[in-house]
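Right, one structure below, let's go through it.
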Amino acid sequence: MQTFQHREIFLLRLLTFCVFAGRAWQHIFWDIPIRAFAWDEHLLKTPVEALTNMTWQEYVTSMTVDTWLQAIAQGFGWLCVACAIATWFITPTRKWLGTLLKIGGGYLILLFLMYWKERFQSVGMFIEHTSQWAVPFLLVYVIFQQKNTARFRLWVKIAIALTFIGHGLYAFGYYPVPGNFVEMMVGTFHLSDNQALWWLKVAGVIDFVAAAALFIPALMRPAIWYCIVWGTLTALARIISNFTFDLPFDSLHQWLHETIFRLPHGGIPLLLLWLIKKE
C-alpha cells in the first residue's frame, strides 16, 4: 500500500492553512454573507416573532441584532484562526486537532451555503468552492490514514472537477458573468471588455473539458496541468488586477486574502499530479 510523501503532506498542510488564514482575515476584518440566512423572512419570521418580542421589521432593522451577527461572524473568524494553527500541529497522536479541523471544514461548507443562498441558490456558486472546503478533510485523511489509495485519488479528482465546473459555469455565461471576472481579465491581461468576455467563454469551455478529462487516463495529465496553471492564475488575479502602488497596504489588506484562500484551486491539482506519478 502506497503512503504519502513528506512533500504531499506539507502541501496539504499549506493549502489548508491558506484557506483558514484567508477566511479568518475575511471574517475578522471584512464581512461574510451571514445575513443571507439571518434575514430570510420565509425561514425565520415565525421563530423570531415566536421567541422574541420583536416584529420581523423590528428584527431586520435592529442595530442590536446586527451587532450580534457581526460578533458571530467574528467568532467564526477566530475558529478559522484556530484551524489555521492546527494544520501545522496535527499528528496521528493528536486526534483532537483532527476533530477541530473537521469542525472547521464543516463550517466552511456552511459558509459556502451562505454564498449559495446569497447568489440566488446557484449550484455553480457552491461547487466552485469545493477545493476550499475539501482540503481540511483531505489533510485529516492523510494524517490519520496515511494510505494513498485509488479511492482517495478519486475524491481529489472529484473536488478538482467540481471546482472547475463551477468556475466554468460563470466564465462561460451559464450564469451572469460576474463583473469582477471581467475586471480581473482586463486588469491582468490588458484586454477590452469584449475581449475579456470572449476569453472567459473559451476558458469556461476548457474548464468543462478539463473536468471531464481528469477521469480519462490518456487525457488526465494535460488536464491536471491546465488546472494547476489556470487555478493558480485565477487566484493570483485577485491581487494582481486590484493592486495599486498608490495604496499598497490598502490593496493588500483588501485583496491578498482573496488570493490566499483560493490557492487550493491550483494546489490540489498539483497534489494530484504528485500522487499519480506513483502509479
| note | Hull surface over four for the Cα convex hull of the chain, reported in nm², is 17.0
| query | Based on the Cα atoms of the range 1-75, what semi-axes does the equivalent ellipsoid have, where each is the square root of 5 times one gyration tensor eigenvalue, given in whole Å with the largest first? | reply | 41, 15, 8
| said: Rounded to whole Å, give me the distance from the Cα center of the range 1-57 to that of the range 91-109. | reply: 15
| Flagged links, alpha-carbon separation over 27 Å, of K102/K157; K117/K147; K45/K117; K95/K147 | K117/K147
| query | Around D207, with a cut-off of 14 angstrom between Cβ atoms, what is the net charge of the other residues, counting Lys and Arg +1 and Asp and Glu -1? | reply | 0
| remark: Cβ-Cβ cut-off under 13 Å around R35, Lys and Arg +1, Asp and Glu -1: the net charge is -4
| note | Cα-based Rg and Dmax for the range 114-158, in Å, come out at 13.5, 40
| query | Semi-axes of the equivalent ellipsoid of the range 113-225: what are they in whole Å, largest first, if each equals the square root of 5 times a C-alpha gyration tensor eigenvalue? | reply | 29, 18, 12
| field | Accessible area, probe 1.4 Å, largest first, for residues R35, R238, R94 | value | R94, R35, R238
| Kirkwood Rh, angstrom, the range 187-279 [1 / mean 1/r, Cα pairs] | 14.7
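The values are calculated or read from the model by the stated rules, or taken from the named source; none is laboratory data. It should be emphasised that the depicted structure is a prediction, and the values quoted were computed from it without experimental measurement. Quick reminder, even Gly has a Cβ in these numbers, built from the backbone with ideal geometry, and neighbours come from all protein chains shown. Note: accessible area is taken over every heavy atom of the protein model, side chains too, but ligands, DNA and RNA are not part of it. Shrake-Rupley method; radii C 1.70, N 1.55, O 1.52, S 1.80 Å.
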